[in-house]
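Participant: Dumping the structure here so I can ask a few things about it.
The values are calculated or read from the model by the stated rules, or taken from the named source; none is laboratory data. Predicted, not measured: the structure shown is a model, and the values here were computed from it. Glycine gets a Cβ as well: all are built from the backbone with ideal geometry, and neighbour counts include every protein chain shown.
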Amino acid sequence: MSELGVIAKLARNDFAYFFRTKWLMAVLLSLNLSDMLVVALVYKNMMNFNYFAYFVPAVVIMGLFAASLDTGRRVWLALREGVIQYELSLPLSTQGIVLAYLIAGGAASVVYSTSLMIIALVVLPAQSVLSALMLLPFLYVLGMGLAGLAAALAALASTHGEFFFAFQSIMQGALLTLSTVYYPLDVIKNVLPSWVVTFVVANPLSLASEALRQYAFVGVAIDPSFLAKIFFASAPFAVLGAVAYLWALRKIQTQGKL
């Protein structure tokens, strides 16, 4: 079997593993649906604008984020339980192993977030379903980037499980809180300093949420330059994750462990 075939098989196995963990799927879906159908409706009556229409598209991005982060858990388990030693014995380069995990992470995040998008389209009628479909490739890049970031944390903290979950919680809190997922940019500008606002604007979760709101649910014509911003904001995460995971694999090859 060629290396591309092995990469495809490893990516397919990792992709399937995400959907085999039924307890994880149940928890994620319950959390996302409660955000979409309970939190958004409650907050709608507390805001001076239609918070339901604002927040429901963001829940899709939150689901994509959560599914991407699970790549880190699978990488961490592979490093902790010796699975990676088996993968290193395959006719596959270390770069191929890293690529397989990033491909699977991006695919799992898009498939999971698409299920949430379908629900969002039911509870909040979209102006352009075609625009929502056109955003999927860019959401895949975002999912791959976030999966890479999660893999980087797993590689750096693989010898201490409590560190991994602590790092993951910090990253999750920072990226979600410092974004326009929960709050409009105008509100953030009135509360936070300008340098934090700059990070919020550049945060790929902010960009993806705004793209889904404006292009799919409001019906604004897609701006290619805005989609390019999503791509270039997400790609560094994938690169960082790939480099960190590659470092971990090569250290295992030379020392037998991290």
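Participant: Select from segment 134-151 the residues that are closer than 25 Å to A221 by Cβ and of a type outside the set (G, A, S) and list them in ascending order.
Facilitator: M134, L135, L136, P137, F138, L139, Y140, V141, L142 - these are the residues of segment 134-151 that are closer than 25 Å to A221 by Cβ and of a type outside the set (G, A, S).
Participant: Can you pull out the residues in segment 7-31 that are among the charged types (D, E, K, R) and either in contact (Cβ under 8 Å) with a residue 12 or more places away in the chain or surrounded by fewer than 14 Cβ atoms within 10 Å (Cβ to Cβ) (or both)?
Facilitator: R12, D14, R20, K22
Participant: Next question. Within segment 116-123, is there a residue that is touching a Phe, Trp or Tyr at 6+ places or on another chain (Cβ under 8 Å), assigned to a helix (DSSP H, G or I) and at pLDDT below 85?
Facilitator: no
Participant: Quickly run through segment 61-106 and pick out the residues that are touching a residue at least 60 places away in the same chain (Cβ under 8 Å) and β-branched (V, I, T).
Facilitator: I61, T71, V75, I84, T94, I97, V98, I103 - these are the residues of segment 61-106 that are touching a residue at least 60 places away in the same chain (Cβ under 8 Å) and β-branched (V, I, T).
Participant: Looking at A126 and the list (1) in contact with a helix residue (DSSP H, G or I) (Cβ under 7 Å, 6 or more places away or on another chain); (2) modelled with pLDDT of 85 or more, which single condition is not satisfied?
Facilitator: (2)
Participant: If you don't mind, there's one more thing I want to ask. Suppose we keep only residues that are assigned to a helix (DSSP H, G or I) and hydroxyl-bearing (S, T, Y) within segment 153-211. Which one would you say is surrounded by the fewest Cβ atoms within 10 Å (Cβ to Cβ)?
Facilitator: Among those that are assigned to a helix (DSSP H, G or I) and hydroxyl-bearing (S, T, Y), it is S194.
Participant: Turning to a different aspect of this structure: Between S115, S93, S89, which is among the hydroxyl-bearing types (S, T, Y) and either buried (at least 23 other Cβ atoms within 10 Å of the Cβ) or within 23 Å of the chain's Cα centre (by Cα) (or both)? Step through it out loud before you land on a result.
Facilitator: Values: S93 fails: either buried (at least 23 other Cβ atoms within 10 Å of the Cβ) or within 23 Å of the chain's Cα centre (by Cα) (or both); S89 fails: either buried (at least 23 other Cβ atoms within 10 Å of the Cβ) or within 23 Å of the chain's Cα centre (by Cα) (or both).
That would be S115, the only listed residue that is among the hydroxyl-bearing types (S, T, Y) and either buried (at least 23 other Cβ atoms within 10 Å of the Cβ) or within 23 Å of the chain's Cα centre (by Cα) (or both).
Participant: When you check Y54 against the structure, is it part of a helix (DSSP H, G or I) and touching a Lys or Arg at 6+ places or on another chain (Cβ under 8 Å), yes or no?
Facilitator: Working: part of a helix (DSSP H, G or I): yes; touching a Lys or Arg at 6+ places or on another chain (Cβ under 8 Å): yes.
Yes: the conditions hold for Y54.
Participant: Is it fair to say S131 is crowded, with 22+ Cβ neighbours inside 10 Å, polar (S, T, N, Q), in contact with a Gly (Cβ under 9 Å, 6 or more places away or on another chain) and more than 20 Å from K9 (Cβ to Cβ)?
Facilitator: Spelling it out, it is not the case that S131 is crowded, with 22+ Cβ neighbours inside 10 Å, polar (S, T, N, Q), in contact with a Gly (Cβ under 9 Å, 6 or more places away or on another chain) and more than 20 Å from K9 (Cβ to Cβ).
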